[in-house]
Structures are given as C-alpha cells and as structure tokens.
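Inspection log for the structure reproduced underneath, given as structure tokens.
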Ligand code: SAH
C-alpha cells in the first residue's frame, strides 16, 4: 500500500492527524528533501526507511515504493503542502496503477494557505475579488499558452504565484504588462509557517527589488491583489438585514 501524504507548508504540527498517523506507521518514507521540514520525519517509527527524493529519479522512487508494497509493507510519499499542487504525483499514481498497486492520497495544507495565515489576510473579499488564481511563471517547466502571468493579471483577481521568486523581475514586468497598477498591493512570503518565516509586503512595482534586497529566490510565494488593501464590502452572510436558510434577517 502506498500513501501520498501532504506534509503541510512547514510547521510540523500543520500536517493532518491522518498524515501524522501514516508517517508513524510507514515502513518507508520518501520525502521531498528540498522542501520538507526535517522535523516532520520525527513522526517516523524507529524501523522506518527514509529516502530523500531530491537525490532520486522517478524510476528510483518507484523502485522503493514497489519493493515496500511487494514485501507487504506501507510506504509514504511525502509531498510539501498539498500533493495536488505542483506535486508531480500524477506520474507516480499512473505508474502504480499500471503495476496494480493500491494507493491513497491524504491532503495537506497548501503553502498558499500558510501564506495567507502569515499575512493575516483573506483572498476572497466582497467587491474586491472572489477568485484566486494559483499559477507559476514558465521557467525550465513550460506553461501552456493561454496561461501567461500577463493574461491572468488582466482579471485583477487575487493571485498566488508559485515557483517563480527567482524570476521576480520577469513576473513583475508581466503583471504590469497585464494591467495591474504599480501600486497594487503585493507580498513575498518566504517559508510560510516555518520558524524562519519572513513576510515582505510590497507593491507590484517593487516585487523584484524586494526579492533582490532580501535575497529571496526560492521557498517563497508572490501574492498579488487588492485583497491586501484596505477597501472591501462587509459580507452579506453576517449582515443583520440579510435572510438566509439559517437566520431570519431584520428586513427579511
Ligand atoms: N504542493 C506544494 C507546492 C510545491 S511546489 C504546496 O501545496 O504548497 C514548491 C513551491 O511551493 C516553492 O517553490 C514555493 O513557491 C512554494 N512553497 C512551498 N512551501 C512554501 C512555504 N512554506 N512558504 C512559501 N512558499 C512555499
């Protein structure tokens, strides 16, 4: 049996109860060493094999997973945040399916949620933005046509840009080209929820300079949008006049 487990954004107590239990009972854990907080590996039992996937190819990862399963054991493939976001899990699941090996996925708290918590902010504010765009800039991994940063910028929605702080200058240029004003609020959140978390609030026009001045090039998210500003409408759900299925409003 194989379990893909979301480790959460970093703090070891932000893994789910289910995820922690799976780590405790695993015979082997393959973890993404470049991103996983090593403190999470303390959940592992004493006899558990530990493998750092940063030093492995897909074939090597699969070989460990298949060996453990065929010996009657349970292996955990530990991914940062939630496995469904830039986790490269699909290719592993398809190989397991082809081999007839059962697997499950345990979700995790994605780093974009950890970043919102670090900023004490809400992505979806009435009259400001009701959508969150999760994206990345093309780097060594290409991005399909139609998903450029500038085309998304044209929506003016809340935006979270993964894997791109090393390309901050290009990101900034494309956000501006797409229609954001230079003074639109932005932030760079480095290692959200880790002990050395850092939050840099800036504007779209100062993203590149903020990344460079603070030496942030990886393990960070770029957040963009007026959701980090001051203007918004109160939610209708808690408006005393608003009636809904569970509450009679004063004007209902
Ligand atoms: N599945 C993960 C993302 C993996 S891709 C998730 O759901 O969060 C790796 C990228 O995620 C990093 O380059 C960085 O952009 C972002 N990231 C992961 N953990 C982070 C953290 N604690 N703080 C800020 N960004 C993080």
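A short reminder: the numbers here are calculations on the coordinates, not readings from a lab. What you see is a predicted model; the values in this text were computed from it and never measured. Every residue, glycine among them, receives a Cβ derived from its backbone with ideal geometry; neighbour counts consider all protein chains shown.
Roughly what % of DSSP beta bridges within region 2-106 run antiparallel, to the nearest 5?
Numbers: 1 of 18 bridges.
If we restrict to bridges inside region 2-106, about 5 percent are antiparallel.
Just grab the label-to-label distance for residue 217 and residue 57, each label 7 Å out from Cα along the Cβ direction, in nm (one decimal).
So the two model labels end up 2.7 nm from each other.
What does the highest-first list of 228-241, 79-92 look like by mean Cβ count within 10 Å? Could the numbers behind the result be given before it?
Details: 228-241: 11.1, 79-92: 19.0.
In descending order of packing, they fall as 79-92, 228-241.
Compute the angle between helix 90-99 and the longest alpha-carbon principal axis of the chain, please, reported from 0 to 90 degrees and rounded to the nearest 10.
So the helix axis and the longest Cα principal axis differ by about 30 degrees.
For Cα pairs less than 8 Å apart in space and 6+ apart in sequence, what is the mean separation divided by the residue count of the chain, i.e. the relative contact order in percent? Could the numbers behind the result be given before it?
On the way: 489 pairs, mean separation 47.3, N = 252.
RCO, the chain: 19 percent.
Could you give the angle, 0 to 90 degrees to the nearest 10, between helix 168-178's Cα long axis and the longest principal axis of the Cα atoms of the chain?
50
Ordered by packing density, taken as the mean number of other Cβ atoms within 10 Å over each peptide's residues, highest first, how do 102-111, 145-154 rank? Don't jump to the answer; show the numbers that get you there.
Details: 102-111: 19.6, 145-154: 15.8.
Going by the mean number of other Cβ atoms within 10 Å, highest first, we get 102-111, 145-154.
Largest first, please: the extent of the C-alpha atoms of the chain along each principal axis, to the nearest Å.
Rounded to whole Å, the extents work out to 62, 50, 36 Å.
Taking the Cα atoms only, what angle lies between the long axis of helix 58-70 and the longest principal axis of the chain, rounded to 10 degrees?
On a 0 to 90 degree scale, this one is about 60.
Given the rule -39500 (n - 2.57) for each run of at least 4 DSSP H residues, summed and divided by the residues of the chain, what is its mean residue ellipticity at 222 nm, to the nearest 500 deg cm²/dmol? Let's see the in-between values first.
Values: 7 runs with 64 residues, N = 252.
Per the formula, -7000 deg cm²/dmol.
Evaluate the distance, in nm, between pseudo-label points positioned 7 Å from the Cα of residue 16 and of residue 147 along their respective Cα→Cβ axes.
It works out to 2.4 nm between the two label points.
Using a Förster distance of 51 Å, how high is the FRET efficiency between residue 93 and residue 250, based on the Cβ-Cβ distance and rounded to 0.05? Could the numbers behind the result be given before it?
Details: r = 52 Å, r/R0 = 1.01.
Between residue 93 and residue 250 the formula returns 0.50.
Using a Gaussian network for the chain with springs between C-alpha atoms less than 10 Å apart, which of these wobbles most: 187, 28, 39?
Taking springs between Cα atoms under 10 Å, the residue moving most is 39.
Once the Cβ-Cβ distance between residue 25 and residue 243 is put in as r, and R0 is 51 Å, what FRET efficiency do you end up with, to the nearest 0.05? Working shown, then result.
Numbers: r = 49 Å, r/R0 = 0.96.
The value I calculate is 0.55.
Just to be sure I understand: of the beta bridges DSSP finds with both ends in the chain, what percent are antiparallel, rounded to 5?
Working: 17 of 39 bridges.
Of those bridges, close to 45 percent are antiparallel.
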